[in-house]
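The values are calculated or read from the model by the stated rules, or taken from the named source; none is laboratory data. This is a predicted model, so every value here is computed, not measured. Quick reminder, even Gly has a Cβ in these numbers, built from the backbone with ideal geometry, and neighbours come from all protein chains shown. Each accessible area value is taken on the protein alone, full model and side chains, heavy atoms only, with ligands, DNA and RNA left out. Shrake-Rupley method; radii C 1.70, N 1.55, O 1.52, S 1.80 Å.
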Amino acid sequence: MLYSQVNTAYGIVVLRGILLLLTSLFLVRCSSPTTLKNIPAFDSLVQVVNLKLKTNADSALKASEVLYKLTEGRQDRAQTYEATRLRGQAFQLAGMNDSAYRYYSGMRNLAFRMNDTTRMLQACHIMGTLLVEMGSNDSVAFWYRKGLALAKLSKNAAYLAGFSTNMGLVFCQKGQFDSAMQCYTQAAAYYKKLADSGNIAQVYRNIGSLFFDQGFYPKANTYYHWAIKMNNDLGHKMEVGIDYTNLAVSFMMLSSDSAGYYYKEAMKIMATQGSVANLLPLKFNYANYLTKLGRYDEAERTFQEVLQISKANNILKGQIYSLNNLANSATRCKDAPKANKLFQEAFQLAEKNKLTADLLVLYREAFLCNLKLHDADLALAYFKRWDHLNDSLKTIEQRVAVLKYQVLYQTQVLETKVKDLNSNIRLQKSRNVIIALILMALLLLISTLVIYLFFRNRQANQKRKLAEQQALHSEQEKLLKHAELQKKTLEQQLNQEEVERLEGEVNLREQELVFQSLIKTELNHVNRSVQEKLGHFQYRFPKKADQEEFGQILSEIMRDASSSPMNDFEVIFKQMHGEFSEKLLAICPALSRSELQICALLRLNLSSKEIARIANLSTATIEVTRHHIRKKLKLDQKESLTSFLIRI
C-alpha cells in the first residue's frame, strides 16, 4: 500500500512538470505578435470585400489584402479559406490571373486539407473558371473532371449538373462532339431532377449550338425551339431573344426566309427588354443578312440605324463597322466619293481612339473597295498604309510579348524570394521553439531525477512495513473471500428452496384448477341428466301453479348445466399465467379462442382425454384441434406440442 502511495506521489510530480512545460509553451504562443493584434469582426470585413468586388478592382485588392493579413497565422481554416478565395477573386477582377491562380491554389489546398466536400467542389469550379480565362484548356478539363468525380461521390446534383455542362463546353472547344453531347445529356437529366427549368433551357441552347457547329442545322433548330418554349414558360424574355437570334442565324445558314422573321422577333424583344449592347449586334447581323439576300436598300437603312444608335450611345466600334458596311454599300452603287468619305470618317474615329486593330481592318476594306471602283492609285495608297501598320503591329506585339515574359519572370523571382524569406522565418521560429523545448525537457529531466533519488531513499525504510501490511492485507482478503463464499452458498440454498416452494404452489394451483374444472364439468352432466329425467314430470302436476314452480326449478337446473366451466377456467388460468395468451398470439395471431383454451389445457400437461372431459368435447375433436394448432404454429412432426407450449 505504501509503495503504491510513493508511486502516486511520484506521478503527481511528473504531471506537474509536464503541465509547467505546456504552460510555458502556451505563454510563448500567446506572446506572438499575431495574437496581440486587435482583429476586427471577420464577417464585417468579408462584407466589405464583397462590396468592393462589385464596384472597383483596386479597392477590392486593398480590402482583400487587409482581410488576408488578418487571417495569417490563425487556426480557423474556414476563415483562412474565405479570405484566400476573396483575395484571388480580387486579383482575377483586376486581370492579374497569375496572382489569382496562386491564391486559388492555396484556397484549393485548404479545402482538401479540411476535407470539406462543398468547399472542394467550389474550389474545383473556381479553378476551372479562372483557367478558362487563361486559355489553359487541358488544365480546365482536369479541374472540371475532378469536380465531377467529387460531385458523384457526394451525390451533389447541383454541382453534377454544373460540372457536366462545363465539361460539355470543354469538349466542344476540342471538337469532341460526341463526348460533349453525352455531358449535356447528363446535365439535362440532373437539372430535371432539380426541377431547374432555366438551366435545362440553357443546356438545350448549348446542344443546339453543338449541332450548329457540326452543320446539323435542322437538329439545332429543334433544340433552339425547345429552349424558347421553356424560357417563354418561365417568362425569361431576354433568354427568348437570344434563342431567337440563334434560330435566325441557323435558318440563315439554311438560306431560309424564316431567318428574317426570327431576326425581327429577336429585335422586338431586345428593343423592350434588353440594352443597347444587346440590340446593336443583332441589328448589325440582320443588316448583313439583308445584304446576303441582295436587299441592299433595307440593309443600308439598317446600317444607318446602327450608326445612329452607336453615335447616340458613344459606341465606337458600332460606328466604325457600320461606316465600313455603308462604304461597302456605296461601293456596290459605284458611288466612290460617298464610299471614301465614309471610310475617312471611320479612319478618323479609329485613329482618334487608337483602335489599331480596327484601323488595320478598315485599310484593308478601303483597299478592296477602291479596287472594285477601279481607282488603282487610291487603292495602292490604302494598301501601303495597311502594310506599314501591319508591320508596326507585329513589332509592337513582339515587344509586348517580350515585356510580358520579363514581367512574368520578375514576378516569379520575387515570389521565389518571398517564399524563401517566409521559409527562413518559419525555420527560425521552429528553431526557437525547439531550443525552448530542449531547455524545458532538461529542466524536467533534472527535476525528475532529484525527485526519483529522494523517493528511492525513502523506499529503503518503508519496504519492511510495506511487506507486513501486504501480508496482513492478504490475510484479510482471504477471510473476506471465505465469508463471501459462505454467504453466496447460503443465498443460493435459500433461493433454491424459494423456487421449489413457488413451483409447488403453482403446481398445486394448477391441479386445483383442473380438479375444479372437472367437478364443474361432472356437475353440468348431472344437471343435464336430472333435467332430462324430470322434464316430462312437469305436466303431471294437477295444478298449474305447481307446474310453473316445477318449471322454474328445471330452468335454474338447466341454466347451471348450460354454463361453460371453460369460462371460469380461462379467468383463473390468466391470473396464473397472464402473459401466456399474449405470447402465443404474438407467435401465431390466427389462433381462435377455443384453440387458445385447448393450448392452456395442454400447458397444464393434460392428456387429450382429460381435456375432452373438461371441455365437454369428444377425444377425436380434441385430436383434430391439436392437429390444427400444430399446423398453425408450423411445428415439426418430431417436436412435442405440449413441450412447446410449456416453454412459452
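Odds and ends about this structure:
- FRET efficiency for Lys219 and Ser423, using Cβ-Cβ distance with R0 set to 51 Å, rounded to 0.05: 0.30
- Exposure rank, largest accessible area first [Trp226, Trp143; 1.4 Å]: Trp226, Trp143
- Accessible surface comparison of Ile622, Ile446, probe 1.4 Å, protein chains only, largest first: the order is Ile446, Ile622.
- Selected from His225, Thr302, Phe177, residue furthest toward positive end of dipole (the range 160-310; charges at beta carbon): Phe177
- Between Ala277 and Ile434, the contour length at 0.36 nm per residue exceeds the Cα-Cα span by 50.1 nm.
- For Arg301, solvent-accessible area (1.4 Å; no DNA, RNA or ligand), Å²: 140
- Per-residue SASA remark: Lys419, around 120 Å² accessible (1.4 Å probe; ligands, DNA and RNA not included).
- Segment Thr185-Tyr261, extension gain: residue separation times 0.36 nm, minus the distance between their alpha carbons: 24.4 nm
- Distance between the 7 Å Cα→Cβ label points at Asp636 and Leu368: 9.7 nm.
- Förster radius 56 Å - calculated FRET efficiency between Ala381 and Gln173 (Cβ-Cβ, nearest 0.05): 0.85
- Cross-link pairs exceeding 24 Å between alpha carbons, from the set Lys317/Lys394; Lys609/Lys638; Lys219/Lys317; Lys54/Lys193; Lys311/Lys372: Lys219/Lys317; Lys54/Lys193; Lys311/Lys372.
- Heavy-atom accessible area order for Asp377, Asp335, largest first, 1.4 Å probe: Asp377, Asp335
- Solvent accessible area, Å² - Glu595, 1.4 Å probe, full protein context: 20
- If the Kirkwood radius is taken over C-alpha pairs of the range 334-483, then at 4 °C and 1.567 mPa s the Stokes-Einstein diffusion coefficient equals 51 µm²/s.
- Each principal axis of the Cα atoms in the range 207-319 has its own extent, and those three values, largest first, are 38, 33, 20 angstrom.
- Stretched out straight at 0.36 nm per residue, the stretch from Met253 to Asn232 would grow longer than its current Cα-Cα span by 5.1 nm.
- Per-pair calculated FRET efficiency, R0 = 41 Å: Leu490 and Gln469 via Cβ, rounded to 0.05: 0.85
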